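Trainee: I am attaching a structure below and will ask some questions about it afterwards.
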Amino acid sequence: MFKLFTGRAARLGAAAFVALFALASCATAPETGRQQFIMIDPAQEAQMGFQAFSQLKQKKPFITTGKDAETVRRVGQRIARVAPVPHAKWEFVLFKDDSPNAFALPGGKVGINSGILKIAKNEAGLATIMGHEVAHVVARHGAERASQTMGLQVLGVIADAALAQKAPGARQGVMQAYGLGAQVGVLLPYSRIHELEADELGILYMARAGYDPAEAVDFWQRFADYNRQRGGKPPEFLSTHPLDERRIAQLRAMLPRAQAEYAKASRS
């Protein structure tokens, strides 16, 4: 009886998840038209970002005055004006952190580490970073990642239930393989897709905000040099980010379209 119920429950659960996936996957990324799997309401997503950013600012030191902090805010707001997001409360914060990094949270919360400014070098370089991070918010990459994780967890529960009558060792082995496959086969590839998509949108946003998009290529070349000096990066299939060379090639291919947007912005 238990075995029959478990199998039926697993099948019903799988069917329900497939139906949920079909409904949730109707979201479309802006500009690129990529289909997305998103199960989180935009207002809820924004609220989660507000809360997480507030907590982060309580733990991590940040800079509010001086030329660098003012530049971060000014460039960020210029980018945000050409990339409207429902429920956004844009905030651009310069964190006191020597690691060359930046990040974005849902709802328009963007953090820039002070260590990346030396690679940015100028406002257009900073606009490259800002455009990329704003693009993550516009394309709702945070909600998409969270939805993918939830979906994989549900499928994991269904698979585990279906294996309930298997020997413990076999069941554990299958679930470990599932976890590794989900990470390497789904989550990491989509993370790289998100990064490339943010590059593609970001170069358009910086151009529309009046920054020369050619600087995006120069910035990523400088960043690639920085990575090489520190021993390079892991193989792409094990990384959350694409190889620098791949990013640079995509940005070069995007330049004609971005330059056209830059020309229109310069005339207006």
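The values are calculated or read from the model by the stated rules, or taken from the named source; none is laboratory data. Everything quoted here is computed from the prediction, not taken from an experiment. Methodologically, a virtual Cβ is constructed for each residue, glycine included, from the backbone with ideal geometry; neighbour enumeration extends over all protein chains shown.
Trainee: Six or more apart or on different chains, Cβ atoms under 8 Å: show the pairs whose first residue is in region 32-51 and closer than 19 Å to residue 87 by Cα and whose second is hydroxyl-bearing (Ser, Thr, Tyr).
Mentor: Final answer for the pair search is 38/25; 38/147; 39/147; 40/147.
Trainee: Every residue in region 60-108 that is of a type outside the set (A, V, I, L, M), more than 14 Å from residue 129 (Cβ to Cβ) and crowded, with 21+ Cβ neighbours inside 10 Å, please.
Mentor: 106, 107, 108
Trainee: Follow-up question, since we're still on this one. Consider residue 37 carefully, then state whether it is crowded, with 16+ Cβ neighbours inside 10 Å, at pLDDT below 95 and touching a strand residue (DSSP E or B) at 6+ places or on another chain (Cβ under 9 Å).
Mentor: In short, yes.
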